[in-house]
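Novice: First, the structure itself, so that you have it in front of you.
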Amino acid sequence: MATKCGNCGPGYSTPLEAMKGTEAPDYLATVDVDPKSPQYCQDELHHSGWNTCSSCFGDSTKSRTKLVLPSLISSRIYVVDVGSEPRAPKLHKVIEPKDIHAKCELAFLHTSHCLASGEVMISSLGDVKGNGKGGFVLLDGETFEVKGTWERPGGAAPLGYDFWYQPRHNVMISTEWAAPNVLRDGFNPADVEAGLYGSHLYVWDWQRHEIVQTLSLKDGLIPLEIRFLHNPDAAQGFVGCALSSTIQRFYKNEGGTWSVEKVIQVPPKKVKGWLLPEMPGLITDILLSLDDRFLYFSNWLHGDLRQYDISDPQRPRLTGQLFLGGSIVKGGPVQVLEDEELKSQPEPLVVKGKRVAGGPQMIQLSLDGKRLYITTSLYSAWDKQFYPDLIREGSVMLQVDVDTVKGGLKLNPNFLVDFGKEPLGPALAHELRYPGGDCSSDIWI
């Protein structure tokens, strides 16, 4: 749990202090599978965040008790009270889409971050009609009333997805996927040819709430998850570009503006029996350890999880790799014809007697950096297209042990959470959160 002191707020004073607090193993699973529910097959609880975090560490009046869950499709926001007992969460409030539409003209909500002001900020992918619009919904952190948009009127980015802020450098950077109307029903290669998927980062002035720079990414199609280094003085970070399967480093240059460079490339594999003649890795999630030593990412299609030493951020060094399912396993429908990295196709993954469908997708690291947790569902429409077995069998949660000294990854064969055995049928588990905060929820200021 977080270090306790008389004048402390939620979370931890520094990222390194957070690495010491690793006593809570609980997690929260939220699934709407009731056929009688008005939200059945409409909502998709995609990402989540806390009402407050380490950005409010200096405010003893704040408490991390509410989990904020935006719905990607319906734009509804659920606020869940986890209080002091994460095993028994209670629904605290539901914010209806009409309130968001009326005050913000935004929809298709994604990333939620708490701010030092006590407010909660949520990114959007589009407007009410499903066109691209990368804006930000601002909620009151106590009442959860919709206050309006964080950005200035008319100042939204063309597309949206994830974001991260670094106040000591007066900056926020946001990413982009595609307009909801493009991605919501599945992936169409023609949309790539038509230029409908994102390839830019947007640099925002944190104080003025406006875009000051747009970074065009070379080999950077579909930049999704973005992470600054946890050190609040750091003026650099990384973004995973899904379709191009690259990791790009962004940084403040000598002129005081921002630049970006490719530092990792996962080569595509020439294949037979798949949607396209070449299969990208499809980097769908990235994480940085709290000491800013290791970068982790998942290749959802190739099926491997990777660990890189980023002691030199310009030259990441591969230190660990595990195959945890994926589309190129032996005995499957896909035959690999040419592979720059592997000599043979990997074996299917079986854990505790269950063959794992899908590939590694969302990842979360324990605060001490020694345990990595993985789920296998990306987004239901894309799951159906690329891994139909996921829909029938449900996703899983796996655990990998991490060597934090020399680097290295090892699957824990005794850990499996099988969401295929839910009482009301198979479920698709996505993002993971720790009750006390984690590597992707907390930002230090």
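The values are calculated or read from the model by the stated rules, or taken from the named source; none is laboratory data. Everything numeric in this text was worked out from a predicted model, so none of it was measured. Note that we place each Cβ from the backbone using ideal geometry, even for glycine, and neighbour counts take in every protein chain shown. To get the accessible areas, we keep the full protein, side chains included, count just its heavy atoms, and leave off ligands, DNA and RNA. Shrake-Rupley method; radii C 1.70, N 1.55, O 1.52, S 1.80 Å.
Novice: Is it true that residue 165 is in a strand (DSSP E or B), under 22 Å from the mean Cα position of the chain (by Cα) and crowded, with 18+ Cβ neighbours inside 10 Å? Quick ask: steps written out before the conclusion?
Specialist: Details: in a strand (DSSP E or B): yes; under 22 Å from the mean Cα position of the chain (by Cα): yes; crowded, with 18+ Cβ neighbours inside 10 Å: yes.
Criteria met by residue 165.
Novice: Read through the list (1) at pLDDT 95 or above; (2) crowded, with 19+ Cβ neighbours inside 10 Å, then give the number of the only condition that residue 184 fails.
Specialist: Among (1) at pLDDT 95 or above; (2) crowded, with 19+ Cβ neighbours inside 10 Å, the lone unmet condition for residue 184 is (1).
Novice: Oh, and also: Report every pair of residues separated by at least 6 positions or lying on different chains whose Cβ atoms are under 8 Å apart, first residue within segment 290-306 and within 16 Å of residue 366 (Cα to Cα), second among the basic types (Lys, Arg).
Specialist: Close Cβ pairs (under 8 Å, with a partner that is among the basic types (Lys, Arg)) amount to 296/306; 297/306.
Novice: Another question, if that's okay. Regarding residue 141, is this residue in contact with a Cys (Cβ under 9 Å, 6 or more places away or on another chain), at pLDDT below 95 and crowded, with 17+ Cβ neighbours inside 10 Å? Even if it seems obvious, please write down each step before you answer.
Specialist: On the way: in contact with a Cys (Cβ under 9 Å, 6 or more places away or on another chain): yes; at pLDDT below 95: yes; crowded, with 17+ Cβ neighbours inside 10 Å: yes.
The answer is yes for residue 141.
Novice: What strands (runs of 3 or more DSSP E) lie completely within segment 277-379 and have 3 or more residues being open to solvent by less than 10 Å² (accessible area, probe 1.4 Å)? Can you show your working first?
Specialist: Details: elements: 283-288, 294-299, 304-309, 317-323, 335-338, 363-365, 371-375.
In segment 277-379, 283-288, 294-299, 304-309, 363-365, 371-375 are the strands (runs of 3 or more DSSP E) which contain 3 or more residues that are open to solvent by less than 10 Å² (accessible area, probe 1.4 Å).
Novice: Just checking, which of 291, 312, 285 is within 21 Å of residue 387 (Cα to Cα) and of a type in the set (Asp, Glu)?
Specialist: Numbers: 291 fails: within 21 Å of residue 387 (Cα to Cα); 312 fails: within 21 Å of residue 387 (Cα to Cα).
Among 291, 312, 285, only 285 is within 21 Å of residue 387 (Cα to Cα) and of a type in the set (Asp, Glu).
Novice: Answer with yes or no whether residue 126 is modelled with pLDDT under 95, touching a Lys or Arg at 6+ places or on another chain (Cβ under 7 Å), closer than 20 Å to residue 172 by Cα and of a type in the set (Gly, Ala, Ser). Break it down into steps so the answer makes sense when it comes.
Specialist: On the way: modelled with pLDDT under 95: no; touching a Lys or Arg at 6+ places or on another chain (Cβ under 7 Å): yes; closer than 20 Å to residue 172 by Cα: yes; of a type in the set (Gly, Ala, Ser): yes.
Spelling it out, it is not the case that residue 126 is modelled with pLDDT under 95, touching a Lys or Arg at 6+ places or on another chain (Cβ under 7 Å), closer than 20 Å to residue 172 by Cα and of a type in the set (Gly, Ala, Ser).
Novice: Do any residues in segment 131-146 that are under 15 Å from residue 116 (Cβ atoms) have Cβ atoms under 6 Å from those of residues that are charged (D, E, K, R), where the two are at least six apart or on different chains, and which pairs are they?
Specialist: Going by the 6 Å Cβ cut-off, the qualifying pairs are 138/119; 138/147; 140/147; 141/119.
Novice: If I ask for residues that are open to solvent by less than 50 Å² (accessible area, probe 1.4 Å), over 10 Å from residue 172 (Cα atoms) and part of a strand (DSSP E or B), which ones from segment 202-219 would you list?
Specialist: 213, 215
Novice: Restricting attention to segment 84-117, and to residues there that are among the small types (Gly, Ala, Ser) and open to solvent by less than 10 Å² (accessible area, probe 1.4 Å), which single residue is modelled with the lowest pLDDT? Can you show your working first?
Specialist: First, the residues of segment 84-117 that are among the small types (Gly, Ala, Ser): 84, 88, 102, 107, 112, 116-117.
If we keep only those that are open to solvent by less than 10 Å² (accessible area, probe 1.4 Å) too, we end up with 107, 112.
Working: 107: 97, 112: 94.
Checking each candidate, the answer is 112.
Novice: Also, quick follow-up: Just to verify a result, which residue in segment 390-440, among those that are touching a helix residue (DSSP H, G or I) at 6+ places or on another chain (Cβ under 9 Å) and at pLDDT below 85, is most open to solvent (accessible area, probe 1.4 Å)?
Specialist: Checked segment 390-440; the qualifying residue most open to solvent (accessible area, probe 1.4 Å) is 436.
Novice: Kindly indicate the residue of segment 380-397 that is in contact (Cβ under 8 Å) with a residue 60 or more places away in the chain and in a helix (DSSP H, G or I) and also nearest to residue 417 (Cα to Cα) among those meeting that condition.
Specialist: 380
Novice: Could you check segment 144-162 and list, in sequence order, the residues that are of a type in the set (Asp, Glu) and either open to solvent by 10 Å² or more (accessible area, probe 1.4 Å) or over 21 Å from residue 222 (Cα atoms) (or both)? Steps first, answer last, please.
Specialist: In the first step, residues of segment 144-162 are kept if they are of a type in the set (Asp, Glu); the result is 145, 151, 162.
Passing the criteria: 145, 151.
Novice: Sort through 195, 132, 160 and tell me the only one that's over 21 Å from residue 380 (Cβ atoms) and among the small types (Gly, Ala, Ser).
Specialist: Numbers: 132 fails: over 21 Å from residue 380 (Cβ atoms); 160 fails: over 21 Å from residue 380 (Cβ atoms).
Selected residue: 195, the only one of 195, 132, 160 that is over 21 Å from residue 380 (Cβ atoms) and among the small types (Gly, Ala, Ser).
Novice: Additional query: From the list 417, 351, 400, pick out the single residue that is under 25 Å from residue 81 (Cβ atoms), β-branched (Val, Ile, Thr) and under 25 Å from the mean Cα position of the chain (by Cα). Before the answer, list the steps.
Specialist: Details: 351 fails: under 25 Å from residue 81 (Cβ atoms); 400 fails: under 25 Å from residue 81 (Cβ atoms).
417 is the lone residue from the list that is under 25 Å from residue 81 (Cβ atoms), β-branched (Val, Ile, Thr) and under 25 Å from the mean Cα position of the chain (by Cα).
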